[in-house]
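Encoded as structure tokens, the structure appears first; notes follow it.
Nothing in this text is a laboratory measurement; each read-out follows from the coordinates by a stated rule. Note that the structure is a prediction, hence the values are computed from the model and not measured. Glycine gets a Cβ as well: all are built from the backbone with ideal geometry, and neighbour counts include every protein chain shown.
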Amino acid sequence: MEIRTTLFNEIAGKEIRNTYARAFLKAMPAAIAARREAVMSSFPDPDAAQACGQAIRAEVVARLPELLEQFEQNAVARGAKVLWARDAHEANGIVLAIARERKAPYVTKGKSMVTEEMGLNDVLVEEGIEPFETDLGEFIAQQLKRPPFHIVGPAINIPVEEVCDLFMEKAGMEEPTTDPVELGYAARLFLRNKFHHVALGVTGVNMAVAETGTIVNLENEGNIRFNKSSPRTQVSIMSIEKVVPTMADAMHLTRLLSRNCTGQAISAYVSMDSGPKGGGEIDGPEELFIIIVDNGRSEIYADPTARQALRCIRCGGCLNLCPVYAKIGGYPYGWAYSGPMGQVLTPLLLGLDRAQDLYRACTLCGSCREVCPAGIDHPSLFLYYRAKDVEGDRRLRGKRRPWKEFGFFDLWSRAVAHSTLWNLGVRLVRPFVNRYSRGGVITTMGKYFEGWFRTRNLPAIAEKTFHERWKRLRRDTVSGDPDGRRGEP
Amino acid sequence: MIRWGSMEKVSLFIPCIVDLFLPEIGEATVHLLRRVGVDPLYHEAQTCCGQPAMNAGYREQAKRAAKHFIDLFGDDDVIVSPSGSCVYMVKHHYPQLLRDDPVWLRRAEELSGRIFELSQYIVDILGVEEVGASFEGTVTYHESCHILRGLGVSDQPKRLIRRAEGVEFVPLPLADMCCGFGGEFAETYDYISEEMVKEKVESYLESGADLLVLCEPGCLLNIDGYLSRNHPEKKALHIAAFLAGTGRGG
Amino acid sequence: MSKEKTVGHSARDEILGKLKRIPKGAMLPRPAMPPLREISLDREQMVATFIEKLTREEGVVCRVSDGSEAVARLTEIAAQEDLRKVMVSTDTVIAPLGLPVWGRERGITVLTPGDFSTRDSFRDAVFDEVQAGITGVNYAVAESGTIVIVHDAHQPRLVSLAPILHIALIPTTRIVPTYEQAVEAIYGDTKDIPSHVTFTTGPSMTADIMGKPFKGMHGPRRLMVILIG
């Protein structure tokens, strides 16, 4: 997947004018958020339920190495082969080695964001092994070579006509149709054929349960189950933070994940694997490989502020409430992760320098923080990234800011700390600003603040600021007490 | 309601954008407080809470603002401000900014218990909802992000609005959706900001209300700035101006 | 030691080593959560809740008194759906019903996993030849109308996945209020954990095209449930 995080403004500028996507974004996230609200009420105390999810994920981060070891031990005891990869390159290499050895001409894949992060598909293609995304939305996005539009619906913005053309060209569909159900059925037939004969299935992991060594996957379509049932070899890939302590924790997170993701009480299928198939079973994998991928996360872990990013369960709840995402959709975020959770994770994985707009294009409204079942404080992380960028932090790859900006804030802060400077500054700036004013209203300031003035006016700087009005105001005091005491009315 | 002694010092914090662009809101705040029996202090050496620097990542610079503020307001019993984002900055961010210095940290933490947004102060601390306000017509309310989600204040302004004589309160569709100000965001990501404020104004028009009231000066500049250019017949008003009956709010 | 193994080993040590060097962070207290409402339901209420939830997900549910009525119901379904060839599990719910004989009497080919000597021949049959998969379940969860299946030699994974119609027979004695009861029973004894467990709530579905939800994606397009007892 091409990384386009430095093209945020260009892509967002284009997407915001896409009336089709805008109509979509106006309706869908709000609809999911409304359903979420309704289905969370199945908990007698929804706030406690959310707080419990947050506590589980906090525990995971606090106990991460110990839980990973426990998971590995139990998974291996059930016959799974657990392999570790320091980075995307190593992880891709492991998958490639397995695929080569089993002579798989193609693989079928369940939706896995970490494999998008790894760029696994490109590596497989280079090797002459064709990877088929089998989640319908991922399949469409993959065939169209588009990044994901939404964490849950990667291709929901694609018009039906385009999907129809695509399926006729690439999925063996014979009769044109714009009925989503018919299109879905065409995809089913095409991919079913792949499932039938596949030698190697690749899945992600929603949760890796330390207590039992079990990997858990949530889905609605059934494609992940096919990847776990049809081929002789199953490869399931997880990033390190996917571990959870117990089965009971996994069940609670299953409820929260489903509610936040799609507004469902539970996804249509939840499948749990503890090792490969048993001796007498006639289907299921003879070998189960679980690949645990770091790819920068142990670095994130070392940062006491940033490490909360590892709590994310990829539910997409934040996307559904983000007012910025609701205008621009998933493409501008430029990589596998979009919306507020992408704004949290991508700068840490790619570096603050390559993700400059991701943590700045935010009003800090806090809707994401409020809904997060994992307890991530997105706005405070964005402020942290901005500060580290200003400071040119080496580990996080802060870039530093233009010297003019630095100069401005430095000068400004000294004026803030010394009110005579502040008041002097106001008196100097006021005539300059107010020469643009007509009748107390400024409609333009030439080349200054063009963005604001394109659609908005601004009041002129007051002829008398509050500071300058205070003397008179103070004299007008009703109680006659200049020391501002609160007396009896 | 917290019971305060009868002689506590109530001090006013007037945000920088109110000082420069909307001083009438500051005046309205003073008139309103006096009407409910509070004659506030105003420390003339105050300037800005430091939010612009904080939001831009300039922590050292924001710290200077924080220390100046703490020094200035340190002796007051209560600080009241007609801005939720400034109150949030002081309560939430000052302790974080100053966490490496135990003395300043203690002072910041201690201060955070004594600073209130205006409507929160009037309703929760003074225990007053009837403030002598009046307005003939329908009024709706925009839930500013830092006030709603930062401070947990939502009920208080609406109670004050509802108690104004002649007012019929109508809900604002998508009331808690961000208006798109976000400080520097409004300029740097102008193309996104203007779509957000446009939708906020559409909600206002959809509500059919005669007037939109809000508690946050930044939101006011943004929304009223858009109204002034595109729908000049519609107005937005700061709650201080609305309650004090001083008209001009933006 | 092979090269693959050494590399894998050192990656593990390096990753865990890095993580372990960091001081343990803070945990949050687990809040007290009131029990889910379903916990206090009696059997009949659980059945009613289960039916309501599954029906909302477009599961087709009927109830019969015993095994022979269940078979009668299957006969009706077979006629209605024009079933000629089906795959059935040999789990503890299905095995006693004698479905292979039932099928022979009605001109329906009833295949079982035991009929196949290779996984490929089984796979071909369940993908291409059968019109329905008929299985029992281990548990049914009232909370969301979910059926829980523990897969093993008698209960292959593909029987409830590949055919376009899945018919599940559920003794009402196997209904539990919430997921936890099923999970405790299945995973409680850590020495005997099953390789594969599935939770199924209604037919397969997607909303990936234009956000328009519909039933029937890769998994079965329809789920029929016969509650027994």
task: Take the alpha carbon gyration tensor of the stretch C:42-228, find the square roots of its eigenvalues, order them as a ≥ b ≥ c, and report rounded if a/c is under 1.5; if not, report prolate when a/b exceeds b/c, else oblate.
output: rounded
- prompt: Counting only DSSP beta bridges with both residues in the stretch C:42-228, what percent are antiparallel, rounded to the nearest 5?
  reply: 30 percent
Ranked list, fewest to most other Cβ atoms within 10 Å of each Cβ, for A:Phe139, C:Phe127, A:Phe24: C:Phe127, A:Phe24, A:Phe139
- request: Calculate one ³J(HN,Hα) per residue across the stretch B:20-29 by plugging θ = phi - 60° into the Karplus curve 6.51 cos²θ - 1.76 cosθ + 1.60, and present them in order as whole Hz with x for glycine and proline.
  value: 7, 9, 9, x, 4, 5, x, 4, 4, 4
query: At q = 0.16, 0.21 Å⁻¹, what is the log10 ratio I(q)/I(0) for the stretch B:129-244, with the Debye formula run over Cα points and no solvent?
result: -0.69, -1.17
field: Ranked B:Trp104, A:Trp422, criterion: other C-beta atoms within 10 Å, fewest first
entry: B:Trp104, A:Trp422
message: So if I place +1 on the C-beta of Lys and Arg and -1 on the C-beta of Asp and Glu, and nothing else carries charge, what would the dipole magnitude of chain B be about its Cα centre? I want it in debye, nearest 20.
response: 440 debye
- request: Would you calculate the separation in nanometres between label points at A:Trp403 and A:Lys471, each defined as 7 Å from the Cα along the Cα-to-beta-carbon direction?
  value: 4.1 nm
message: For the pair A:Glu37/A:Arg394, report the inter-label distance in nm, with labels modelled 7 Å from Cα in the Cβ direction.
response: 5.0 nm
- prompt: Tell me, how many Å apart are the Cα centres for the stretch A:402-421 and for the stretch C:39-64?
  reply: 67 Å
statement: D (µm²/s, integer) via Stokes-Einstein for chain A, Kirkwood Rh across alpha-carbon pairs, 10 °C, 1.306 mPa s: value 63 µm²/s
field: C-alpha center-to-center spacing [the stretch A:212-283, the stretch A:72-96] in angstrom
entry: 17 Å
message: Can you tally the net charge around B:Gly132? Count Lys and Arg as +1, Asp and Glu as -1, for every other residue whose Cβ sits under 9 Å from the Cβ of B:Gly132.
response: -1
task: Would you work out which of A:Ala23, A:Phe406, A:Tyr337 lies farthest towards the positive end of the dipole of the protein assembly as shown? Charges go on Cβ: Lys and Arg +1, Asp and Glu -1.
output: A:Phe406
message: What is the distance in Å between the Cα centroid of the stretch B:200-250 and that of the stretch A:115-155?
response: 47 Å
- line: For the protein assembly as shown, the dipole about the Cα centre with charges only on Cβ (Lys and Arg +1, Asp and Glu -1), to the nearest 20 debye, works out at 2120 debye
message: With the cut-off at 1.5 for a/c, could you classify the stretch C:120-213 from its C-alpha gyration tensor as rounded, prolate or oblate?
response: oblate
query: Amide H neighbours of C:Thr109 under 5 Å, counting only residues 5+ apart in sequence or on other chains, H built in-plane at 1.01 Å?
result: C:Lys85, C:Val86
statement: Checked chain B with the C-alpha gyration tensor, a ≥ b ≥ c its square-rooted eigenvalues, rounded below a/c of 1.5, otherwise prolate if a/b is larger than b/c and oblate if not; verdict oblate
- request: Could you give me the percent of Cα pairs per 10 Å distance bin for the protein assembly as shown, shortest bin first, beginning at zero and ending with the bin that holds the maximum distance?
  value: 2, 11, 19, 21, 17, 13, 9, 5, 2, 0, 0
statement: The exposure ranking of A:Met272, C:Met210, A:Met238, fewest beta-carbon neighbours within 10 Å first, is C:Met210, A:Met238, A:Met272
task: For the pairs A:Lys26/A:Lys145; A:Lys242/C:Lys18; A:Lys327/B:Lys158; A:Lys111/A:Lys242; B:Lys200/B:Lys234, note any where the Cα-Cα span goes beyond 22 Å.
output: A:Lys26/A:Lys145; A:Lys327/B:Lys158
query: Where does the charge balance sit around B:Gly84 when Lys and Arg score +1, Asp and Glu -1, over other residues with C-beta under 12 Å from its C-beta?
result: -1
task: Show which aspartates and glutamates lie in cross-link reach of C:Lys85 when reach means a straight Cα distance below 16 angstrom and same-chain residues fewer than eight apart are skipped.
output: C:Glu76, C:Glu105, C:Asp115, C:Asp124, C:Asp128, C:Glu129
- request: Considering only DSSP beta bridges where both residues belong to the protein assembly as shown, give the percentage that are antiparallel (nearest 5).
  value: 30 percent
- line: Expressed in nanometres to one decimal, the distance between label points 7 Å along Cα→Cβ at C:Thr172 and A:Glu463 is 8.5 nm
Listed residues A:Gly13, A:Met168, B:Thr140: farthest to the positive end of the dipole of the protein assembly as shown (Cβ charges): A:Gly13
field: Nearest-20 debye value, chain A charge dipole, Cβ charges on Lys, Arg, Asp, Glu
entry: 2620 debye
